[in-house]
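The values are calculated or read from the model by the stated rules, or taken from the named source; none is laboratory data. None of these values were measured; they are calculated from a predicted model. As a convention, Cβ positions derive from the backbone with ideal geometry for all residues, glycine included, and neighbour counts pool all protein chains shown. Surface accessibility is based on the protein's heavy atoms, side chains included, excluding ligands, DNA and RNA. Shrake-Rupley method; radii C 1.70, N 1.55, O 1.52, S 1.80 Å.
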Amino acid sequence: PDPAALTVHRKRLQAAIERALDGSAPVVVRAADGRVGAGVTTAMVEFAQSYRDDYTVAWWIAAQDPQLIADQMARLAEALGVAAPTDTAEQATTAALATLRVRGRWLLVFDDAGSRRDLARFLPEGAGHVLVGTADPEWDAREVLVPSFSRAESVGLLQVRREGLTAAEADHVAEALR
């Protein structure tokens, strides 16, 4: 396996995300083939880690349950120093959004999000960036597609991640996981 080839593939994906984030509108990251487990979350994590020094604030929100997003926004508001633990989630969310509107560059990542309707009230304006990992095809936003690995890439990745795994064993796992 060639770990360098896999790294180059991911660097291209990070560059595509960076190019898509040229404005203030959210950027949707989704699997090119629409399947779960294609590496959308990993791509966003790698982007956030690689570009963290470009942002004054970077915050991750697990968005699969819309009812819990306000609580996570409240934790962001507390981290920003604009809300107290005694504030309601709604008060804290309002304070976080107001702060981000006037603050320098920031990154908010909403992972495993549903519809845009579920996130609409949590999407900040301002000089920052929003990444949304979603399988929902109804998002009207700039989009970065995470390509599926070829079989050779899948085998290589498995062998890099699992020392001692033979090519035949890795191929068998790749076949099972498609």
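Tabulated values for the structure
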| read-out | value |
| --- | --- |
| Qualifying position, being touching a Ser or Thr at 6+ places or on another chain (Cβ under 6 Å), surrounded by fewer than 17 Cβ atoms within 10 Å (Cβ to Cβ) and modelled with pLDDT of 90 or more, among Asp71, Asp136, Asp87 | Asp136 |
| Pick from the range 150-176, criterion open to solvent by 80 Å² or more (accessible area, probe 1.4 Å), part of a helix (DSSP H, G or I) and of a type in the set (Asp, Glu), ranking: nearest to Ala31 (Cα to Cα) | Glu175 |
| Test for Thr99: is it of a type in the set (S, T, N, Q), modelled with pLDDT of 95 or more and out of contact with any helix residue (DSSP H, G or I) (no Cβ under 9 Å at 6 or more places or on another chain) | no |
| Members of the range 98-119 that are open to solvent by 60 Å² or more (accessible area, probe 1.4 Å) and either at negative phi or of a type in the set (Ser, Thr, Tyr) (or both) | Arg101, Val102, Arg103, Arg105, Arg116, Arg117 |
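Yes/no matrix, rows are residues, columns are (1) part of a helix (DSSP H, G or I); (2) buried (at least 19 other Cβ atoms within 10 Å of the Cβ):
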residue: Arg12; (1), (2): yes, no
residue: Ala15; (1), (2): yes, no
residue: Asp22; (1), (2): no, no
residue: Gly34; (1), (2): no, no
residue: Ala38; (1), (2): no, yes
residue: Ala79; (1), (2): yes, no
residue: Ala96; (1), (2): yes, yes
